[in-house]
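Engineer: Pasting a structure below so you can have a look.
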Amino acid sequence: AMDPELVIIGEEILTTQGELLACFVTEEIPKYLQPLDAIARLREQGAFISVSHPFDLRRHGWRLADLEQISSLVDAIEVFNSRCQVNIFNKQAQAYAETHGLAVTVGSDAHTLSEVGRSRLELPAFESAEGLRRVIRLGKAQTQLSSPFIHLSSTYARFIKELRKHHENSPDRSFPT
């Protein structure tokens, strides 16, 4: 509603070590690449790269040695994720970003409509990955943790998806959808 003309194509990429979040992506990046390979492909596209929920090992977080290997190659690190069930993971990310002088992002990690905008980083206007790199350190974070029960909605969605997939592959398709 604020600016329907502006759409930023992004992708969360699961690497062999953890997840990356990229903005201004022009080509899809396959899953399970080595982090350095994924970063190289994203850099070829000129994408803005952030490390998603880096210390949340329950959700594809990064081991410290792996994070150390890539931190100088990314544009930012996510220091607050609304879906982190244990807020210490967010605090660890904030401390890491401060220690290493990294720009920061925050995210709702919305899987349901009620989560959209729960956490956000308000930024000056920008129109490209390079523009985002210029203004990212000016961001003003507004954050709020999601209820731990919100993960039930993701579990339910995965269950329904698997049920539908099973139904589509079943010879007896009389099961209601």
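Engineer: Let me check something: with ligands and nucleic acids excluded, how do D3, D75, D56 order by accessible area (1.4 Å probe), largest to smallest?
Structural biologist: D3, D75, D56
Engineer: Also, I was wondering about something else. Starting from the Cα-Cα distance between A95 and L73, subtract it from 0.36 nm times their residue separation and give me the gain in nm to one decimal.
Structural biologist: 6.1 nm
Engineer: Same structure again: With all protein chains present and a 1.4 Å probe, how do L33, L73 order by accessible area, largest first?
Structural biologist: Descending order: L73, L33.
Engineer: DSSP loop trypsin sites (Lys or Arg not before Pro) in region 2-48 with at most 16 other Cβ atoms within 10 Å of their Cβ, which ones?
Structural biologist: K31
Engineer: Can you give the convex hull volume per residue for the Cα atoms of region 11-90, as a whole number of Å³?
Structural biologist: So the per-residue hull volume is 82 Å³.
Engineer: Hey, any idea what % of region 1-114's accessible area is carbon plus sulfur with a 1.4 Å probe?
Structural biologist: 54 percent
Engineer: From largest accessible area down, sort F48, F126; use a 1.4 Å probe on the protein chains.
Structural biologist: From most exposed to least exposed: F126, F48.
The values are calculated or read from the model by the stated rules, or taken from the named source; none is laboratory data. In this text, all values refer to a predicted model and were calculated from it rather than measured experimentally. Note: ideal-geometry Cβ built from the backbone for every residue, glycine included; neighbour counts use all protein chains shown. Surface accessibility is based on the protein's heavy atoms, side chains included, excluding ligands, DNA and RNA. Shrake-Rupley method; radii C 1.70, N 1.55, O 1.52, S 1.80 Å.
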